[in-house]
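The structure appears right after this line, and notes come after that.
The values are calculated or read from the model by the stated rules, or taken from the named source; none is laboratory data. Model, not experiment: these values are computed from the prediction. Here Cβ is always computed from backbone atoms with ideal geometry, including for glycine, and neighbour counts include all displayed protein chains.
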């Protein structure tokens, strides 16, 4: 076990060092994590919304059942059937706490959905920030690469031009080759 834990810590430190040296990759990883969190949070909101709808339907069903039993209490009382009225009233009394529990459940689901919506807003804001940082890092890398290639191109052209002046034999060959080409053009035009 100790060897595996040591290897795990070593790999984690190597990954951390790599990400520190390559911040654009770290931003990419964070962006991917935020995208996954956004997807998960949106799914959570959908699930909570479905549970809320189900709780609402259960509340409506329970309310309808309470109403039906209350109507039976009234009907039995009017008919002088106190035995049925008492039993129906006990049923109403048993359904009321069930309705209250369902109401509390729905209220809790609404609160969780509100919190999930706030979390989703936070995640989206964070993703925009990470994208902006990644774009800035990309622009910085591109600018540095351009400056690097420009300076190396400039030094290469300086090398070539200074080499031409430093090498008289090369300059003499170039003049001879240019003169030959000029003679060829004159001959071709004369024909």
Residue match in segment 101-123 (condition: modelled with pLDDT of 80 or more, more than 30 Å from residue 53 (Cα to Cα), surrounded by 10 or more Cβ atoms within 10 Å (Cβ to Cβ) and out of contact with any strand residue (DSSP E or B) (no Cβ under 7 Å at 6 or more places or on another chain)): no
Qualifying positions in segment 45-73 - free of Cβ contacts under 8 Å to residues at least 12 places away in the same chain and farther than 30 Å from residue 123 by Cβ: 57, 60, 61, 64, 67, 68, 71
All positions within segment 64-86 that are part of a helix (DSSP H, G or I) and loosely packed, with under 15 Cβ neighbours inside 10 Å: 64, 67, 68, 71, 74, 75, 78, 82, 83, 86
Candidates 17, 40, 47, filtered to the one that is at pLDDT below 80, in a helix (DSSP H, G or I) and surrounded by fewer than 16 Cβ atoms within 10 Å (Cβ to Cβ): 17
Flag for residue 137 being free of Cβ contacts under 8 Å to residues at least 40 places away in the same chain, in contact with a helix residue (DSSP H, G or I) (Cβ under 7 Å, 6 or more places away or on another chain) and either in a helix (DSSP H, G or I) or over 30 Å from residue 29 (Cα atoms) (or both): no
